[in-house]
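Let me begin by presenting the structure, written as C-alpha coordinates, before commenting on it.
The values are calculated or read from the model by the stated rules, or taken from the named source; none is laboratory data. Note that the structure is predicted; figures quoted are calculated from it, not measured. Using ideal geometry, Cβ is built from the backbone for each residue, glycine included, and neighbour counts are taken over all protein chains shown.
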(Lines give C-alpha, C1' and ligand atoms only; values in the text may rest on other atoms or scores of the structure.)
Protein backbone atom coordinates (compact mmCIF):
# COMPACT_ATOMS: atom_id res chain seq x y z
CA UNK A 1 0.00 0.00 0.00
CA UNK A 2 1.44 3.42 -0.95
CA UNK A 3 2.01 5.89 1.86
CA UNK A 4 -0.01 9.12 1.70
CA UNK A 5 1.65 12.48 2.16
CA UNK A 6 1.45 14.04 5.59
CA UNK A 7 0.57 17.73 5.83
CA UNK A 8 0.77 20.22 8.67
CA UNK A 9 -2.88 21.21 9.32
CA UNK A 10 -2.81 24.98 9.82
CA UNK A 11 -5.06 27.98 9.21
CA UNK A 12 -3.23 30.75 7.35
CA UNK A 13 -4.17 34.41 7.84
CA UNK A 14 -4.22 36.09 4.41
CA UNK A 15 -6.51 39.01 5.28
CA UNK A 16 -5.43 42.12 3.29
CA UNK A 17 -2.44 40.20 1.92
CA UNK A 18 -1.78 39.82 -1.81
CA UNK A 19 -2.35 36.39 -3.31
CA UNK A 20 -1.75 35.32 -6.91
CA UNK A 21 -4.45 33.45 -8.83
CA UNK A 22 -3.37 32.10 -12.25
CA UNK A 23 -6.28 31.21 -14.54
CA UNK A 24 -9.48 32.74 -15.87
CA UNK A 25 -11.94 29.87 -16.18
CA UNK A 26 -14.75 28.40 -14.09
CA UNK A 27 -12.39 26.70 -11.61
CA UNK A 28 -10.48 29.95 -11.17
CA UNK A 29 -13.79 31.72 -10.45
CA UNK A 30 -14.40 29.34 -7.53
CA UNK A 31 -10.88 29.90 -6.21
CA UNK A 32 -11.31 33.67 -6.53
CA UNK A 33 -14.38 33.51 -4.31
CA UNK A 34 -12.45 31.28 -1.87
CA UNK A 35 -9.58 33.77 -1.56
CA UNK A 36 -11.79 36.84 -1.29
CA UNK A 37 -13.90 35.15 1.38
CA UNK A 38 -10.72 34.81 3.45
CA UNK A 39 -10.07 38.57 3.10
CA UNK A 40 -7.24 38.41 0.57
CA UNK A 41 -6.32 40.93 -2.10
CA UNK A 42 -6.07 38.95 -5.33
CA UNK A 43 -3.79 39.44 -8.31
CA UNK A 44 -5.56 37.58 -11.13
CA UNK A 45 -3.38 36.66 -14.13
CA UNK A 46 -4.85 35.18 -17.32
CA UNK A 47 -4.73 36.09 -21.03
CA UNK A 48 -8.47 35.46 -21.23
CA UNK A 49 -11.31 35.75 -18.70
CA UNK A 50 -14.44 33.58 -18.80
CA UNK A 51 -17.92 35.06 -18.38
CA UNK A 52 -18.15 33.25 -15.05
CA UNK A 53 -15.14 35.01 -13.59
CA UNK A 54 -16.24 38.38 -15.04
CA UNK A 55 -19.62 37.96 -13.34
CA UNK A 56 -17.90 37.12 -10.05
CA UNK A 57 -15.83 40.30 -10.24
CA UNK A 58 -18.84 42.44 -11.22
CA UNK A 59 -20.72 41.22 -8.14
CA UNK A 60 -18.00 42.37 -5.75
CA UNK A 61 -18.88 45.22 -3.43
CA UNK A 62 -15.19 46.21 -3.37
CA UNK A 63 -13.67 45.57 -6.80
CA UNK A 64 -10.38 47.16 -5.67
CA UNK A 65 -9.59 43.87 -3.91
CA UNK A 66 -8.96 42.27 -7.33
CA UNK A 67 -6.14 43.34 -9.66
CA UNK A 68 -6.69 41.92 -13.17
CA UNK A 69 -3.68 41.30 -15.41
CA UNK A 70 -4.77 40.01 -18.82
CA UNK A 71 -1.56 38.40 -20.05
CA UNK A 72 0.37 35.14 -19.91
CA UNK A 73 1.91 34.22 -16.57
CA UNK A 74 5.52 35.18 -15.95
CA UNK A 75 7.70 34.88 -12.84
CA UNK A 76 7.44 38.58 -11.97
CA UNK A 77 3.73 38.02 -11.27
CA UNK A 78 4.81 36.47 -7.94
CA UNK A 79 6.27 39.74 -6.67
CA UNK A 80 4.65 40.80 -3.39
CA UNK A 81 2.46 37.68 -3.10
CA UNK A 82 2.28 35.48 -0.01
CA UNK A 83 0.32 32.61 -1.59
CA UNK A 84 -0.35 31.22 -5.08
CA UNK A 85 -3.14 29.18 -6.64
CA UNK A 86 -2.77 27.98 -10.20
CA UNK A 87 -6.10 26.99 -11.78
CA UNK A 88 -5.38 26.71 -15.49
CA UNK A 89 -6.02 23.73 -17.78
CA UNK A 90 -2.48 24.01 -19.13
CA UNK A 91 -0.22 21.52 -17.33
CA UNK A 92 2.96 23.21 -18.54
CA UNK A 93 1.87 26.57 -17.12
CA UNK A 94 0.90 24.91 -13.82
CA UNK A 95 4.31 23.23 -13.59
CA UNK A 96 6.14 26.51 -14.19
CA UNK A 97 4.01 28.36 -11.60
CA UNK A 98 4.70 25.63 -9.05
CA UNK A 99 8.42 25.60 -9.75
CA UNK A 100 8.76 29.39 -9.49
CA UNK A 101 6.67 29.63 -6.30
CA UNK A 102 8.48 26.82 -4.51
CA UNK A 103 11.88 28.25 -5.45
CA UNK A 104 10.81 31.45 -3.65
CA UNK A 105 9.31 29.50 -0.69
CA UNK A 106 5.83 30.84 -1.50
CA UNK A 107 3.01 28.39 -0.66
CA UNK A 108 1.48 27.13 -3.90
CA UNK A 109 -1.56 25.04 -4.79
CA UNK A 110 -2.16 23.63 -8.25
CA UNK A 111 -5.78 22.56 -8.60
CA UNK A 112 -6.25 18.78 -8.95
CA UNK A 113 -2.50 18.07 -9.06
CA UNK A 114 -1.16 17.30 -5.55
CA UNK A 115 2.30 16.52 -6.92
CA UNK A 116 2.76 20.21 -7.79
CA UNK A 117 1.38 21.53 -4.48
CA UNK A 118 3.22 22.65 -1.37
CA UNK A 119 -0.19 23.04 0.31
CA UNK A 120 -3.61 21.61 -0.38
CA UNK A 121 -7.05 23.11 0.14
CA UNK A 122 -9.25 21.03 2.46
CA UNK A 123 -12.99 20.60 2.41
CA UNK A 124 -14.38 23.22 4.80
CA UNK A 125 -17.37 23.44 7.11
CA UNK A 126 -17.77 27.20 7.54
CA UNK A 127 -19.55 28.55 10.62
CA UNK A 128 -17.59 31.77 10.93
CA UNK A 129 -15.67 32.32 13.11
CA UNK A 130 -15.79 28.53 13.57
CA UNK A 131 -14.21 26.59 10.71
CA UNK A 132 -13.64 22.86 10.39
CA UNK A 133 -11.28 21.56 7.70
CA UNK A 134 -11.23 17.98 6.39
CA UNK A 135 -8.36 16.63 4.31
CA UNK A 136 -7.23 13.27 2.96
CA UNK A 137 -3.80 14.58 2.00
CA UNK A 138 -4.90 14.89 -1.61
CA UNK A 139 -5.43 11.12 -1.90
CA UNK A 140 -9.23 11.30 -2.22
CA UNK A 141 -11.03 14.65 -2.50
CA UNK A 142 -14.33 12.76 -2.86
CA UNK A 143 -13.81 11.07 0.53
CA UNK A 144 -13.03 14.45 2.08
CA UNK A 145 -16.29 15.86 0.69
CA UNK A 146 -18.24 12.88 2.04
CA UNK A 147 -16.74 13.40 5.49
CA UNK A 148 -17.53 17.10 5.28
CA UNK A 149 -21.19 16.38 4.45
CA UNK A 150 -21.44 14.11 7.50
CA UNK A 151 -19.96 16.82 9.72
CA UNK A 152 -22.23 19.46 8.19
CA UNK A 153 -25.24 17.52 9.46
CA UNK A 154 -24.05 17.50 13.09
CA UNK A 155 -22.63 21.03 13.37
CA UNK A 156 -25.55 23.51 13.47
CA UNK A 157 -25.11 26.96 11.97
CA UNK A 158 -25.58 28.36 15.51
CA UNK A 159 -22.01 27.29 16.27
CA UNK A 160 -20.92 30.37 14.35
CA UNK A 161 -22.93 32.60 16.68
CA UNK A 162 -21.53 30.68 19.64
CA UNK A 163 -18.01 31.39 18.42
CA UNK A 164 -18.80 35.11 18.01
CA UNK A 165 -20.09 35.37 21.58
CA UNK A 166 -17.02 33.57 22.90
CA UNK A 167 -14.82 36.03 21.03
CA UNK A 168 -16.86 38.95 22.37
CA UNK A 169 -16.36 37.90 26.00
CA UNK A 170 -12.87 36.42 25.73
CA UNK A 171 -11.04 39.43 27.20
CA UNK A 172 -13.59 39.85 30.00
CA UNK A 173 -13.17 36.21 31.02
CA UNK A 174 -9.39 36.53 30.84
CA UNK A 175 -9.46 39.51 33.21
CA UNK A 176 -11.86 37.83 35.64
CA UNK A 177 -10.04 34.46 35.59
CA UNK A 178 -6.28 35.03 35.20
CA UNK A 179 -5.46 31.37 35.95
CA UNK A 180 -5.35 29.44 32.67
CA UNK A 181 -6.67 26.17 34.17
CA UNK A 182 -9.62 27.90 35.81
CA UNK A 183 -10.34 29.75 32.58
CA UNK A 184 -10.29 26.53 30.58
CA UNK A 185 -12.62 24.86 33.08
CA UNK A 186 -15.00 27.84 32.83
CA UNK A 187 -15.24 27.67 29.04
CA UNK A 188 -15.70 23.91 29.10
CA UNK A 189 -18.62 24.24 31.49
CA UNK A 190 -20.12 27.21 29.66
CA UNK A 191 -19.92 25.55 26.25
CA UNK A 192 -21.47 22.38 27.61
CA UNK A 193 -24.22 24.11 29.59
CA UNK A 194 -26.99 26.71 29.53
CA UNK A 195 -24.94 29.34 27.71
CA UNK A 196 -24.56 27.14 24.63
CA UNK A 197 -28.11 25.80 24.82
CA UNK A 198 -29.58 29.32 24.80
CA UNK A 199 -27.44 30.24 21.78
CA UNK A 200 -28.64 27.16 19.90
CA UNK A 201 -32.22 28.17 20.77
CA UNK A 202 -31.57 31.71 19.37
CA UNK A 203 -32.03 33.25 22.85
CA UNK A 204 -28.92 35.41 22.93
CA UNK A 205 -30.10 37.62 25.82
CA UNK A 206 -30.56 34.59 28.06
CA UNK A 207 -27.24 33.21 26.84
CA UNK A 208 -25.46 36.42 27.88
CA UNK A 209 -27.05 36.25 31.34
CA UNK A 210 -26.13 32.59 31.76
CA UNK A 211 -22.52 33.33 30.81
CA UNK A 212 -22.24 36.20 33.29
CA UNK A 213 -23.78 34.12 36.07
CA UNK A 214 -21.33 31.28 35.42
CA UNK A 215 -18.41 33.70 35.30
CA UNK A 216 -19.40 35.15 38.69
CA UNK A 217 -19.42 31.65 40.23
CA UNK A 218 -15.96 30.86 38.89
CA UNK A 219 -14.52 34.26 39.87
CA UNK A 220 -15.73 33.82 43.46
CA UNK A 221 -14.40 30.26 43.73
CA UNK A 222 -10.75 30.95 44.45
CA UNK A 223 -9.84 27.42 45.54
CA UNK A 224 -10.55 25.15 42.62
CA UNK A 225 -10.00 21.39 43.00
CA UNK A 226 -9.60 19.33 39.89
CA UNK A 227 -10.89 15.89 39.01
CA UNK A 228 -9.33 12.60 37.88
CA UNK A 229 -10.71 10.42 35.09
CA UNK A 230 -9.56 6.81 35.25
CA UNK A 231 -9.97 5.82 31.61
CA UNK A 232 -9.57 2.45 29.93
CA UNK A 233 -7.85 2.98 26.58
CA UNK A 234 -8.57 -0.52 25.28
CA UNK A 235 -6.05 -2.95 23.75
CA UNK A 236 -4.70 -0.61 21.04
CA UNK A 237 -7.14 0.03 18.20
CA UNK A 238 -8.57 3.57 18.76
CA UNK A 239 -11.88 2.46 17.21
CA UNK A 240 -12.47 0.42 20.38
CA UNK A 241 -12.56 3.51 22.62
CA UNK A 242 -15.92 4.31 24.21
CA UNK A 243 -17.63 7.63 23.45
CA UNK A 244 -17.22 8.64 27.09
CA UNK A 245 -13.52 7.79 27.11
CA UNK A 246 -12.92 9.92 24.03
CA UNK A 247 -14.88 12.86 25.46
CA UNK A 248 -12.89 12.88 28.71
CA UNK A 249 -9.57 12.36 26.91
CA UNK A 250 -10.33 15.51 24.90
CA UNK A 251 -11.26 17.42 28.06
CA UNK A 252 -8.30 16.72 30.36
CA UNK A 253 -5.50 19.21 31.10
CA UNK A 254 -3.02 16.41 31.85
CA UNK A 255 -2.70 12.88 30.43
CA UNK A 256 -0.96 10.41 32.76
CA UNK A 257 -0.40 7.31 30.63
CA UNK A 258 1.33 3.95 30.79
CA UNK A 259 3.33 1.80 28.38
CA UNK A 260 0.37 -0.24 27.20
CA UNK A 261 -1.49 2.74 25.70
CA UNK A 262 -0.95 2.67 21.93
CA UNK A 263 0.30 5.74 20.08
CA UNK A 264 -2.92 5.75 18.04
CA UNK A 265 -5.02 5.98 21.21
CA UNK A 266 -2.71 8.60 22.74
CA UNK A 267 -3.10 10.69 19.59
CA UNK A 268 -6.83 10.93 20.32
CA UNK A 269 -6.14 12.98 23.48
CA UNK A 270 -6.32 16.75 23.52
CA UNK A 271 -3.33 18.06 21.57
CA UNK A 272 -2.27 20.75 24.04
CA UNK A 273 -2.66 18.61 27.17
CA UNK A 274 0.45 17.97 29.25
CA UNK A 275 1.56 14.34 28.96
CA UNK A 276 3.27 12.42 31.74
CA UNK A 277 4.61 8.94 31.06
CA UNK A 278 4.55 6.58 34.03
CA UNK A 279 4.94 3.31 32.15
CA UNK A 280 6.07 0.10 33.73
CA UNK A 281 8.17 -2.52 32.00
CA UNK A 282 9.36 -5.87 33.28
CA UNK A 283 11.94 -5.26 36.03
CA UNK A 284 11.89 -1.53 35.25
CA UNK A 285 9.18 0.49 36.97
CA UNK A 286 9.68 4.00 35.62
CA UNK A 287 7.48 5.42 38.39
CA UNK A 288 6.54 3.32 41.45
CA UNK A 289 2.79 2.78 41.88
CA UNK A 290 2.65 4.71 45.14
CA UNK A 291 4.26 7.71 43.45
CA UNK A 292 1.69 7.52 40.63
CA UNK A 293 -1.12 7.58 43.20
CA UNK A 294 0.30 10.70 44.85
CA UNK A 295 1.00 12.33 41.47
CA UNK A 296 -2.71 12.11 40.60
CA UNK A 297 -3.61 13.69 43.95
CA UNK A 298 -1.10 16.51 43.53
CA UNK A 299 -2.24 17.38 40.00
CA UNK A 300 -5.90 17.43 41.06
CA UNK A 301 -5.13 19.66 44.04
CA UNK A 302 -3.45 22.07 41.62
CA UNK A 303 -6.86 22.45 40.02
CA UNK A 304 -6.11 20.34 36.96
CA UNK A 305 -8.39 17.88 35.20
CA UNK A 306 -6.40 14.66 34.90
CA UNK A 307 -6.95 11.70 32.59
CA UNK A 308 -5.24 8.60 33.96
CA UNK A 309 -5.15 6.66 30.72
CA UNK A 310 -4.51 2.92 30.95
CA UNK A 311 -4.25 0.18 28.36
CA UNK A 312 -7.18 -2.24 28.38
CA UNK A 313 -9.50 -1.85 31.37
CA UNK A 314 -8.36 -0.07 34.58
CA UNK A 315 -9.88 -2.73 36.81
CA UNK A 316 -8.42 -5.80 35.06
CA UNK A 317 -4.75 -6.08 36.11
CA UNK A 318 -4.56 -2.30 35.78
CA UNK A 319 -4.20 -1.40 39.48
CA UNK A 320 -6.99 1.13 39.02
CA UNK A 321 -8.48 0.18 42.37
CA UNK A 322 -5.30 1.25 44.18
CA UNK A 323 -5.29 4.62 42.45
CA UNK A 324 -8.89 5.57 43.17
CA UNK A 325 -8.52 4.30 46.74
CA UNK A 326 -5.87 7.00 47.28
CA UNK A 327 -8.02 9.60 45.50
CA UNK A 328 -10.99 8.77 47.74
CA UNK A 329 -8.85 9.08 50.88
CA UNK A 330 -7.71 12.53 49.75
CA UNK A 331 -11.22 13.74 48.87
CA UNK A 332 -10.51 14.05 45.13
CA UNK A 333 -13.45 13.66 42.75
CA UNK A 334 -12.96 10.91 40.19
CA UNK A 335 -14.74 9.02 37.42
CA UNK A 336 -14.00 5.54 36.11
CA UNK A 337 -14.49 4.72 32.43
CA UNK A 338 -14.28 1.01 31.59
CA UNK A 339 -12.31 -0.05 28.54
CA UNK A 340 -12.28 -3.09 26.30
CA UNK A 341 -9.90 -5.32 28.23
CA UNK A 342 -7.07 -7.05 26.39
CA UNK A 343 -8.54 -10.53 26.77
CA UNK A 344 -11.80 -9.53 25.06
CA UNK A 345 -10.42 -7.25 22.36
CA UNK A 346 -7.33 -9.22 21.39
CA UNK A 347 -9.02 -12.63 21.35
CA UNK A 348 -11.72 -11.17 19.08
CA UNK A 349 -9.16 -9.72 16.65
CA UNK A 350 -7.33 -13.05 16.64
CA UNK A 351 -10.51 -14.95 15.78
CA UNK A 352 -10.43 -16.93 19.02
CA UNK A 353 -13.76 -16.94 20.92
CA UNK A 354 -13.03 -17.30 24.64
CA UNK A 355 -16.15 -19.39 25.15
CA UNK A 356 -17.83 -21.78 22.71
CA UNK A 357 -20.60 -24.29 23.26
CA UNK A 358 -18.50 -27.14 21.86
CA UNK A 359 -15.14 -26.21 23.43
CA UNK A 360 -15.33 -24.04 26.58
CA UNK A 361 -18.04 -23.11 29.07
CA UNK A 362 -15.85 -20.92 31.28
CA UNK A 363 -12.94 -18.52 30.98
CA UNK A 364 -10.44 -17.36 33.58
CA UNK A 365 -8.05 -14.37 33.51
CA UNK A 366 -4.65 -14.78 35.19
CA UNK A 367 -1.56 -12.62 35.48
CA UNK A 368 1.37 -14.33 33.82
CA UNK A 369 3.90 -12.00 35.44
CA UNK A 370 5.47 -14.65 37.68
CA UNK A 371 7.07 -12.28 40.17
CA UNK A 372 7.98 -14.97 42.71
CA UNK A 373 8.24 -18.04 40.49
CA UNK A 374 5.11 -20.17 40.35
CA UNK A 375 3.91 -20.16 43.94
CA UNK A 376 1.36 -17.36 43.49
CA UNK A 377 -0.79 -19.21 40.93
CA UNK A 378 -3.35 -21.91 41.74
CA UNK A 379 -2.42 -24.21 38.85
CA UNK A 380 -4.90 -26.89 39.90
CA UNK A 381 -7.80 -24.43 39.55
CA UNK A 382 -6.61 -23.54 36.05
CA UNK A 383 -6.44 -27.10 34.77
CA UNK A 384 -10.16 -27.76 34.39
CA UNK A 385 -12.07 -29.37 31.50
CA UNK A 386 -13.66 -27.07 28.92
CA UNK A 387 -12.09 -23.94 30.40
CA UNK A 388 -10.17 -21.22 28.54
CA UNK A 389 -7.23 -19.61 30.33
CA UNK A 390 -6.00 -16.13 29.43
CA UNK A 391 -2.61 -15.05 30.76
CA UNK A 392 -1.75 -11.36 30.84
CA UNK A 393 1.93 -10.34 30.72
CA UNK A 394 3.23 -13.88 30.36
CA UNK A 395 5.72 -13.67 27.49
CA UNK A 396 8.85 -14.08 29.59
CA UNK A 397 7.27 -16.82 31.69
CA UNK A 398 5.92 -18.94 28.84
CA UNK A 399 8.23 -21.90 29.51
CA UNK A 400 7.17 -22.03 33.18
CA UNK A 401 3.49 -21.63 32.27
CA UNK A 402 3.56 -24.54 29.80
CA UNK A 403 5.61 -26.71 32.16
CA UNK A 404 3.30 -26.15 35.16
CA UNK A 405 0.08 -26.68 33.19
CA UNK A 406 1.42 -30.01 31.92
CA UNK A 407 2.67 -30.96 35.40
CA UNK A 408 -0.82 -30.35 36.82
CA UNK A 409 -2.56 -32.62 34.33
CA UNK A 410 -3.14 -30.65 31.13
CA UNK A 411 -2.41 -32.57 27.91
CA UNK A 412 0.79 -31.68 26.08
CA UNK A 413 -1.28 -31.34 22.90
CA UNK A 414 -3.53 -28.63 24.35
CA UNK A 415 -3.72 -25.69 21.85
CA UNK A 416 -2.14 -22.41 22.90
CA UNK A 417 -1.87 -19.01 21.18
CA UNK A 418 0.54 -16.13 21.75
CA UNK A 419 -0.74 -12.80 20.41
CA UNK A 420 1.66 -9.87 20.11
CA UNK A 421 0.29 -6.29 20.29
CA UNK A 422 -3.22 -7.40 19.41
CA UNK A 423 -5.71 -5.11 17.58
CA UNK A 424 -2.83 -3.01 16.16
CA UNK A 425 -0.82 -3.00 12.94
CA UNK A 426 1.84 -5.00 14.80
CA UNK A 427 -0.49 -7.86 15.71
CA UNK A 428 1.18 -11.24 15.33
CA UNK A 429 -0.41 -14.58 16.24
CA UNK A 430 1.63 -17.70 16.96
CA UNK A 431 -0.23 -20.94 17.67
CA UNK A 432 1.01 -24.31 18.84
CA UNK A 433 0.69 -26.74 21.76
CA UNK A 434 1.88 -26.59 25.34
CA UNK A 435 4.75 -28.82 24.31
CA UNK A 436 5.84 -26.85 21.24
CA UNK A 437 5.13 -23.24 22.23
CA UNK A 438 8.30 -22.39 24.24
CA UNK A 439 10.47 -23.14 21.23
CA UNK A 440 8.08 -21.40 18.80
CA UNK A 441 8.22 -18.23 20.90
CA UNK A 442 12.03 -18.18 20.62
CA UNK A 443 11.83 -18.55 16.84
CA UNK A 444 9.07 -15.93 16.40
CA UNK A 445 10.96 -13.32 18.49
CA UNK A 446 7.74 -11.93 19.93
CA UNK A 447 7.71 -8.56 21.68
CA UNK A 448 5.54 -7.39 24.59
CA UNK A 449 2.76 -6.74 25.27
CA UNK A 450 1.72 -10.30 24.50
CA UNK A 451 -1.44 -12.16 25.51
CA UNK A 452 -1.55 -15.94 26.00
CA UNK A 453 -4.70 -18.01 25.38
CA UNK A 454 -4.79 -21.68 26.38
CA UNK A 455 -7.63 -24.05 25.52
CA UNK A 456 -9.43 -25.90 22.77
CA UNK A 457 -10.94 -22.63 21.44
CA UNK A 458 -7.51 -21.77 20.01
CA UNK A 459 -8.11 -24.41 17.33
CA UNK A 460 -10.74 -22.07 15.83
CA UNK A 461 -8.16 -19.36 15.04
CA UNK A 462 -7.34 -20.51 11.52
CA UNK A 463 -11.01 -20.76 10.55
CA UNK A 464 -12.29 -17.57 12.25
CA UNK A 465 -9.35 -15.22 11.78
CA UNK A 466 -10.61 -12.02 10.10
CA UNK A 467 -8.34 -9.13 11.10
CA UNK A 468 -5.60 -8.08 8.68
CA UNK A 469 -2.93 -5.98 10.47
CA UNK A 470 -1.57 -4.75 7.13
CA UNK A 471 -4.80 -2.80 6.60
CA UNK A 472 -3.50 -0.29 9.19
CA UNK A 473 -0.41 0.52 7.15
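Exactly one residue out of 132, 108 is touching a strand residue (DSSP E or B) at 6+ places or on another chain (Cβ under 7 Å) and not assigned by TED's automatic domain parsing to the domain that holds residue 84, and it is 132.
Filtering segment 70-88 down to residues that are out of contact with any helix residue (DSSP H, G or I) (no Cβ under 7 Å at 6 or more places or on another chain) and surrounded by 14 or more Cβ atoms within 10 Å (Cβ to Cβ), which residue is farthest from residue 121 (Cα to Cα)? Of everything passing the filter in segment 70-88, 77 is farthest from residue 121 (Cα to Cα).
With respect to residue 145, determine if the residue is under 21 Å from residue 38 (Cα atoms), touching a helix residue (DSSP H, G or I) at 6+ places or on another chain (Cβ under 6 Å) and not assigned by TED's automatic domain parsing to the domain that holds residue 50. No: the conditions fail for residue 145.
A count restricted to segment 294-303 and to residues that are more than 26 Å from the chain's Cα centre (by Cα) and buried (at least 18 other Cβ atoms within 10 Å of the Cβ) stands at 1.
This table checks each residue for (1) modelled with pLDDT under 95; (2) within 28 Å of residue 261 (Cβ to Cβ).
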{"position": "371", "(1), (2)": "yes, yes"}
{"position": "376", "(1), (2)": "yes, yes"}
{"position": "381", "(1), (2)": "yes, no"}
{"position": "393", "(1), (2)": "yes, yes"}
{"position": "432", "(1), (2)": "no, no"}
{"position": "446", "(1), (2)": "yes, yes"}
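Would you be able to say whether some residue in segment 377-385 is closer than 22 Å to residue 310 by Cα and part of a loop (DSSP other than H, G, I, E, B)?
No, segment 377-385 contains no residue that is closer than 22 Å to residue 310 by Cα and part of a loop (DSSP other than H, G, I, E, B).
For segment 333-349, the criterion of being surrounded by fewer than 17 Cβ atoms within 10 Å (Cβ to Cβ) and not in a strand (DSSP E or B) is satisfied by no residue at all. Within this structure, residue 97 fails the test of being under 28 Å from residue 127 (Cα atoms), touching a strand residue (DSSP E or B) at 6+ places or on another chain (Cβ under 8 Å) and modelled with pLDDT of 95 or more. Taking the stated definitions as given, is residue 358 in a loop (DSSP other than H, G, I, E, B), assigned by TED's automatic domain parsing to the domain that holds residue 432, at pLDDT below 95 and under 39 Å from the mean Cα position of the chain (by Cα)? In short, no.
Out of curiosity, is residue 214 touching a residue at least 40 places away in the same chain (Cβ under 8 Å), assigned to a helix (DSSP H, G or I) and outside the structural domain of residue 314 (by TED's automatic domain parsing)? Step through it out loud before you land on a result.
Working: touching a residue at least 40 places away in the same chain (Cβ under 8 Å): no; assigned to a helix (DSSP H, G or I): yes; outside the structural domain of residue 314 (by TED's automatic domain parsing): yes.
For residue 214, the condition - touching a residue at least 40 places away in the same chain (Cβ under 8 Å), assigned to a helix (DSSP H, G or I) and outside the structural domain of residue 314 (by TED's automatic domain parsing) - is not met.
Restricting 290, 322 to those that are in a helix (DSSP H, G or I) and either touching a residue at least 40 places away in the same chain (Cβ under 8 Å) or closer than 17 Å to residue 232 by Cα (or both) reduces the list to 322. The single condition among (1) part of a loop (DSSP other than H, G, I, E, B); (2) surrounded by 15 or more Cβ atoms within 10 Å (Cβ to Cβ); (3) modelled with pLDDT of 90 or more that residue 102 does not meet is (1).
Just one of (1) within 21 Å of residue 325 (Cα to Cα); (2) in contact with a strand residue (DSSP E or B) (Cβ under 6 Å, 6 or more places away or on another chain) fails for residue 249. It is (1). Filtered by the rule that a residue be surrounded by fewer than 21 Cβ atoms within 10 Å (Cβ to Cβ), touching a helix residue (DSSP H, G or I) at 6+ places or on another chain (Cβ under 8 Å) and farther than 22 Å from residue 349 by Cβ, segment 382-402 gives 382, 383, 386, 399.
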